[in-house]
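Structure record follows, encoded as structure tokens.
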Amino acid sequence: MKLSFIIIPILTLLSFLKGEKIPVLIVDGQNNHDWISTTDSLHATLQATNRFEVQIETAPQTKSIKGIRAPKSDAQDYIKEAYKSFRKVQQE
């Protein structure tokens, strides 16, 4: 969550420089916190600025992240991870 306070202002500044909406992908689904509320809050905050095009992808419920792949999305310039082990998820 602390990272969000750094990422969101930076992305907002970048969007003003370009003058276009920044595509953001939020990946959620499994973690040791209330990820549903976190995702809702992040989505609402980003949408309220009217500077971001937000897409949300929810990982399937499994006991292991082995074999889970990141969503195919060539439009996202930035990924906001709300998934503890996202760095371990394999990109296709």
Does SER64 count as polar (S, T, N, Q), out of contact with any Lys or Arg (no Cβ under 6 Å at 6 or more places or on another chain), at pLDDT 75 or above and surrounded by fewer than 10 Cβ atoms within 10 Å (Cβ to Cβ)?
no
Looking at (1) modelled with pLDDT of 85 or more; (2) surrounded by 16 or more Cβ atoms within 10 Å (Cβ to Cβ), can you tell me which one THR45 breaks?
(2)
At pLDDT 85 or above, more than 14 Å from the chain's Cα centre (by Cα) and surrounded by fewer than 18 Cβ atoms within 10 Å (Cβ to Cβ): is that true of ASN32 in this structure?
no
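The values are calculated or read from the model by the stated rules, or taken from the named source; none is laboratory data. No experiment lies behind these values; they were computed from the predicted model shown. Ideal geometry is used to build each Cβ from the backbone, glycine not excepted, and the neighbour counts take in all protein chains shown.
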